[in-house]
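The values are calculated or read from the model by the stated rules, or taken from the named source; none is laboratory data. Please read these numbers as outputs of a predicted model, since none were measured by experiment. Methodologically, a virtual Cβ is constructed for each residue, glycine included, from the backbone with ideal geometry; neighbour enumeration extends over all protein chains shown.
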Amino acid sequence: MEGHSTYQPKSKVARWFESRLPLVGLVHSSAIAYPVPKNLNYFWTFGAILTLMLVVQILSGVVLAMHYTAYAPVSFARVEHIMRDVDFGWLIRYIHANGASMFFIAVYIHMFRGMYYGSYKAPREVLWILGVIIYLLMMATAFMGYVLPWGQMSYWGATVITNLFSAIPIVGETIVQWLWGGYSVGDPTLNRFFSLHYLLPFMIAGVVILHIWALHHVGQNNPDGIDVKSVAKDTVPFTPYATIKDVFAMVVFLLFFSWFIFYAPNYMGHPDNYIPANPLSTPAHIVPEWYFLPFYAILRSIPDKLGGVICMFGAIAVLAFLPWLDTSRVRSAKYRPLFRQFFWIFSIVAVGLGYLGSQPAEGGYVIASRIFTAYYFVHFLVILPLLGFIEKPKPLPASIADAVLAKNGGAGGATVVAGASAPQTKG
Amino acid sequence: MKKTILFGAAALALLLASPVKAAEGGHDDLPHRESWSFAGPFGTYDTAQLQRGFKVFREVCAACHSANYLYFRNLAQPGGPRFSEAQAKAVATDYQITDGPNDQGEMFQRPGRLSDHWPAPFPNDQAARVANGGALPPDLSVIAKARASHVGFPGFITDAFTQYQEGGVDYIHALLTGYVDAPEGFKLQSGLNYNKYFPGHQIAMPKPISDGQVEYTDGTPATVDQYSRDVSAYLMWMAEPHLDARKRIGFQVFVFLIVLAGLLYFTKKKIWKNVAH
């Protein structure tokens, strides 16, 4: 963020303002002059897409809140009021409901990109951990948002998830009643969820600022996973190069988003949530929103309740330790032949867990969930640490400029063996 | 790369093999996918069908089912059955609505207005249960979105591409035409009825409609299948009254975004032209 700005205020007023609050200089250095590696691919546009989605969700959410009422006997009807009677209420609600799914699609692509190209490795550990915190906040926000329409899945999803805390020994029951504000999920629960659902996105926005700050401090990783050696040769200024690419990617993403808003608005949802919440009737299968399904599968695969809860939260927590679990010094999977294969296996396992989470917990599904859950943890706790020692990485290009040259069919440039310039492993 | 694909295929096969086994047996008949005028990106409601469906709803369904989110005014709004305002008013005045309190502090009855909700057939859930053998007829306002048929894998993926959003209406049509004799050996509880498509096959609602029960004046065949089709379409409209506008606006948004994306793409190409990347 600092040190890149060539901003010179021209007018007298601008100079006066800049010497008191260097705001324009800050924007200039972080969104205009900021050097971006030349070799970024389109997976690097998802940060911008996610920022857009956060803005979309906050704006549509604020408008929805103007028409919504958090009061258990009327909340379902109020949402229908938005859908039927509010001008373009259906549009705003479908944007918001599908926007949550789009947000998660974008964040999963963003996270898997980070894993594939080793974006979590030094010096980007704090950047990565801030991302994990954003992901956690997103999950909390999405979960509470899903409760607000007060349909059957809202109610029973809230019941299942809040009940997880009862697995905590001794104080579990007390904590659950404290969360509920009563002896079951009810109106007090709905009200506090609404309050928190409105609060958390602004906390996300705060952590996003830290996330971007950390990013601009250490600089972006890139598909070759090598450091910028020369700003002049390896990078281009953020504007116009990255801005135009980001805006193009955002519009393409909006096309994808619009497909669901306008043509399949209930595809991502569950029909049971169009049935008003009924504490006396449990749905045949209680399923969370699709983006929680892998963790739901992990939860259900463990026969012990407390064990299941620990594994589920552990599955998320393990991400925060990723920078230290991966022992290889080489960042990008492009130069890590073994890791690349394990990455794809892991991806399939993660998607597979999602599928298993949507199926009833019985028979073969349970067995498959257990195998996949075990593999999920083995990937992080065994495979990644070992790979750094076993794997022989391919030679890294000497610089980003060389990598670009090689890719475009040039002379290839000088390459150095990774092991020669830097030790492959910590340890 | 080849190795990666092989690895992926092996893992995928592993994933698919186990659940498929688990899912075998006990599969209910899936509702048949009907063709609906409102399906697809350019779908719109068929006004005549909605008017017929409304007739079936009013004369048959509404005897037991409420539709609490429907206003009389909705019947005349664009994208719906498009009754004239006078027709919608005439429907409203056929019903007595409890209003009040008046100056004397008393509730009173008056004919319905366009701004009134569709009146419920029973004063409360308990009264509805008592009149229906203990079962509560669900509210029909959003029923077409509250029901679906389970497609499973990989059907749910293709549905995202084909924009299949008619699972609810297909189910309702199947349910209404799915009253058949229970198969031999099937133990039917007393007071319940056998239905091919109802989960568990035992439904409290008796066969609601028979051939010729509702009079059609436009020459449409007065059959259970046709009634079911029409009333399902009507229920879809009740659940999603702005569907026509949604798809129309959606197309405009798509045209706009595609043009914008095209312009941005070429702008991007031009800007990056002299930078190797």
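Within the range B:111-120, is even one residue of a type outside the set (Ser, Thr, Tyr), loosely packed, with under 12 Cβ neighbours inside 10 Å and at pLDDT 95 or above?
no
For residue A:52, are the conditions met, namely being under 19 Å from residue A:257 (Cβ atoms), of a type in the set (A, V, I, L, M) and away from chain B (no Cβ under 14 Å)?
No: the conditions fail for residue A:52.
Which condition from (1) surrounded by fewer than 21 Cβ atoms within 10 Å (Cβ to Cβ); (2) facing another protein chain (nearest Cβ under 10 Å) is the one that residue A:261 breaks?
(1)
Tell me, please, whether a residue that is in contact with a helix residue (DSSP H, G or I) (Cβ under 9 Å, 6 or more places away or on another chain), buried (at least 22 other Cβ atoms within 10 Å of the Cβ) and closer than 22 Å to residue A:273 by Cβ can be found in the range A:40-53.
Checked against the condition, which is being in contact with a helix residue (DSSP H, G or I) (Cβ under 9 Å, 6 or more places away or on another chain), buried (at least 22 other Cβ atoms within 10 Å of the Cβ) and closer than 22 Å to residue A:273 by Cβ, the range A:40-53 yields at least one hit.
Can you tell me which residue among A:201, A:169 is modelled with pLDDT under 95 and in the same structural domain as residue A:70 (by TED's automatic domain parsing)?
A:169
Do the conditions hold for residue A:249, that is, is it within 14 Å of chain B (Cβ to nearest Cβ), surrounded by 17 or more Cβ atoms within 10 Å (Cβ to Cβ), out of contact with any helix residue (DSSP H, G or I) (no Cβ under 6 Å at 6 or more places or on another chain) and in a helix (DSSP H, G or I)?
no
Collect the residues in the range B:216-259 that are surrounded by fewer than 23 Cβ atoms within 10 Å (Cβ to Cβ) and away from chain A (no Cβ under 14 Å), keeping them in residue-number order.
B:216, B:217, B:218, B:219, B:220, B:221, B:222, B:223, B:224, B:225, B:226 - these are the residues of the range B:216-259 that are surrounded by fewer than 23 Cβ atoms within 10 Å (Cβ to Cβ) and away from chain A (no Cβ under 14 Å).
Each row is one residue, and each column tells you yes or no for (1) touching a residue at least 60 places away in the same chain (Cβ under 8 Å); (2) among the β-branched types (Val, Ile, Thr); (3) buried (at least 19 other Cβ atoms within 10 Å of the Cβ).
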site	(1), (2), (3)
B:57	yes, no, yes
B:75	no, no, yes
B:82	no, no, no
B:93	no, yes, no
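Across the range A:31-86, what is the total count of residues that are of a type in the set (Gly, Ala, Ser), assigned to a helix (DSSP H, G or I) and closer than 30 Å to residue A:235 by Cβ?
3
Sort out for me the helices (runs of 4 or more DSSP H) sitting completely within the range A:138-243 that have 3 or more residues that are free of Cβ contacts under 8 Å to residues at least 24 places away in the same chain.
Qualifying helices (runs of 4 or more DSSP H): A:172-180, A:187-218.
Answer with yes or no whether residue A:282 is of a type in the set (S, T, N, Q), part of a helix (DSSP H, G or I) and surrounded by fewer than 20 Cβ atoms within 10 Å (Cβ to Cβ).
No: the conditions fail for residue A:282.
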